[in-house]
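The values are calculated or read from the model by the stated rules, or taken from the named source; none is laboratory data. None of the values given here were measured: they were computed from a predicted structure. Note that we place each Cβ from the backbone using ideal geometry, even for glycine, and neighbour counts take in every protein chain shown. In case anyone asks, the SASA skips ligands and DNA or RNA and just uses the protein heavy atoms, side chains included. Shrake-Rupley method; radii C 1.70, N 1.55, O 1.52, S 1.80 Å.
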Amino acid sequence: MDLHLEAWSALAPTLESEADWAKWLTGRQDISNDKLAPNLKHVPMMLRRRFNQLGKGAMGAISALPFEEQNLPCVFASQHGDTVLTLSLLESIAQDEDMSPTGFSLAVHNAVSGLYSIACKNKQAITAISASNGHLVSALIEVAGQLQVHDRVLCVLYDVPLPEVYSPYSRTLPFPYAISMVFNRHKGRQISLQQIESNNMYPASEQVFEIPAFISFLLGSTEGVRCILNGATWAIDEYPNVA
């Protein structure tokens with residue numbers, strides 16, 4: 001599968017620019033806190049209050065893209081969704097307390113994409129993916145499919161750390177992050193996505209390392225990323241420039 005990357009941005013606490021990410025990846029910059037505070041003043045206040053850390057990250061990364069036109073079909077992919085809010089709802093049920101209707105509405109997996117569509121008045125088709133291990137490749141496969149019928153697609157990868165109670169069952173980055181990308185059917189940085197046989201040239205990243213490895217790839221610091229999806233190895237590669 002071939003993809004054309006038109007633009008991208010990534011956001012994490014204290015990491016807001018490509019230079020910030022490059023320094024962090026090389027150990028020259030630390031993440032000093034675990035809270036995202038993007039500027040969402042363009043979102044109406046009453047709606048802005050509904051965005052938690054997961055949603056703030058996604059909206060912040062989208063807002064940082066270098067253009068305003070955002071009425072695009074979308075793919076939103078989160079490994080686990082808002083587990084912090086979901087856990088609080090489960091704890092309320094366990095204590096025989098009434099579940100918050102607002103909390104429930106914001107805990108469903110497409111809540112962030114729904115709030116985004118309202119804030120940006122986006123009436124295009126939106127897909128929300130929860131693929132646990134493998135959400136990066138799953139999102140890109142969905143993007144490739146949508147580019148068969150659309151000229152451009154917005155893709156957002158976003159997550160927050162899992163609550164401690166879930167840590168024995170899955171590994172996640174210890175801070176919230178979001179990556180937004182616009183893919184184009186015809187133009188942009190050409191990227192190849194394909195399933196391959198495993199080899200030792202580019203060992204497949206553990207799930208927790210896939211996102212840093214992918215950001216390194218987006219920065220141009222590495223030529224490819226290897227990921228695992230359902231036991232299969234997938235390659236995300238840069239097409240070489242042809243003079």
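Data overview
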| item | result |
| --- | --- |
| Filter pass, GLN194 being at negative phi, in contact with a strand residue (DSSP E or B) (Cβ under 6 Å, 6 or more places away or on another chain), open to solvent by 60 Å² or more (accessible area, probe 1.4 Å) and modelled with pLDDT of 90 or more | yes |
| Condition met for MET59 (without any contact (Cβ under 8 Å) to a residue 40 or more places away in the chain and either out of contact with any strand residue (DSSP E or B) (no Cβ under 6 Å at 6 or more places or on another chain) or small (Gly, Ala, Ser) (or both)) | no |
| Filter result (out of contact with any Ser or Thr (no Cβ under 6 Å at 6 or more places or on another chain), in a helix (DSSP H, G or I) and more than 16 Å from CYS155 (Cα to Cα)) within segment 102-113 | THR102, GLY103, PHE104, SER105, LEU106 |
| Test: residue in segment 19-29 that is farther than 23 Å from SER130 by Cα, of a type in the set (D, E, K, R) and at pLDDT 90 or above | yes |
| Filter result (of a type in the set (Phe, Trp, Tyr) and either more than 25 Å from ASP20 (Cα to Cα) or modelled with pLDDT of 90 or more (or both)) within segment 203-243 | PHE214, PHE217, TRP234, TYR239 |
| Members of segment 31-53 that are out of contact with any Pro (no Cβ under 9 Å at 6 or more places or on another chain), polar (S, T, N, Q) and open to solvent by 60 Å² or more (accessible area, probe 1.4 Å) | ASN39 |
| Residue satisfying condition, being touching a Leu at 6+ places or on another chain (Cβ under 7 Å) and open to solvent by less than 60 Å² (accessible area, probe 1.4 Å), within set ALA77, ALA58 | ALA77 |
| Output for segment 114-156, where each listed residue is in contact with a Ser or Thr (Cβ under 8 Å, 6 or more places away or on another chain) and assigned to a helix (DSSP H, G or I) | HIS135, GLU142, GLN146 |
| Every pair of residues 6+ apart whose Cβ atoms lie under 6 Å, when the first sits in segment 198-218 and is closer than 16 Å to THR26 by Cα while the second is modelled with pLDDT of 90 or more and open to solvent by 30 Å² or more (accessible area, probe 1.4 Å) | SER216/LEU25; LEU218/TRP8 |
| Within segment 16-30, considering residues that are in contact (Cβ under 8 Å) with a residue 40 or more places away in the chain and of a type outside the set (Asp, Glu), the one least open to solvent (accessible area, probe 1.4 Å) | TRP21 |
| Given (1) more than 30 Å from GLY224 (Cα to Cα); (2) among the hydrophobic types (A, V, I, L, M, F, W, C); (3) part of a helix (DSSP H, G or I), number of the condition MET99 does not satisfy | (3) |
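For (1) in contact (Cβ under 8 Å) with a residue 40 or more places away in the chain; (2) basic (Lys, Arg); (3) assigned to a helix (DSSP H, G or I), each residue gets a yes or a no:
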residue	(1), (2), (3)
ALA7	yes, no, no
ASP34	yes, no, no
VAL43	yes, no, no
MET46	no, no, yes
GLY55	yes, no, yes
LEU87	yes, no, yes
